[in-house]
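Undergrad: Here you go, one structure.
Every number here is computed from the coordinates shown, using simple stated rules; none is lab data. Treat the numbers as computed from the prediction; the structure is a model and nothing was measured. Methodologically, a virtual Cβ is constructed for each residue, glycine included, from the backbone with ideal geometry; neighbour enumeration extends over all protein chains shown.
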Amino acid sequence: MSRRNKPAKRVPLPDPIYNSVDVAKFINRLMRRGKKSLAERIFYNALERIKERINEDPLEVFNQAIKNATPLIEVKARRIGGTTYQVPAEVREDRGIALSSIWIIEASFKGKGKSFTEKLANALIDAYNGVGAAVTNRDNTHRMADANKAFAHYRY
């Protein structure tokens, strides 16, 4: 890895239907074994299910679900004098979106429903309503950071 300069950040092309980079990133995280067309079909069908079920703009539901599941603070392990401390640190915006996307996808893998499309729609609706496994993960992350506030002076 080069020590001189950081590589340029690569931003994926926005998705063709909603013209959103966040949707494109979510689809890329949803993708398994390079099957992007399958991931796109699953995601867009899940948004259709959301539109049928709660009669709201699916892109707004998606954005609010991501926002509700995004952590603001997390703990990072920092080794000082032979002891490892869990130091609370703020989460960068891109990492927060990545974490919330991963948590929503994991919640949909564990969720109830017949097809994965149905499970993903349920996970997104749960996150939109502020409940479910993804929001629980966010709350647990915040709780851990709160519990380790005493080590905040070790921040780097």
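Undergrad: Scan segment 34-113 for trypsin sites (Lys or Arg not before Pro) in coil per DSSP, keeping those whose Cβ has at most 13 other Cβ atoms within 10 Å, and list them by number.
TA: Loop-located and lightly packed - 35, 92, 112.
Undergrad: Across the chain, how many lysine pairs separated by 8 or more positions, or lying on different chains, have Cα atoms within less than 14 Å?
TA: 4
Undergrad: In addition: Taking the chain as the reference, fit the longest principal axis to its C-alpha atoms, fit the long axis of helix 36-54 to the helix C-alpha atoms, and give the angle between the two in degrees, 0 to 90, nearest 10.
TA: Approximately 80 degrees, to the nearest 10.
Undergrad: Taking only C-alpha pairs under 8 Å that are 6+ residues apart, what is the relative contact order of segment 21-154 in percent?
TA: This gives 29 percent for segment 21-154.
Undergrad: May I pose another question? Run the dipole for the chain about the Cα centre, Lys and Arg Cβ at +1, Asp and Glu Cβ at -1, nothing else charged, and hand back the magnitude in debye, nearest 20.
TA: It comes to approximately 1000 debye.
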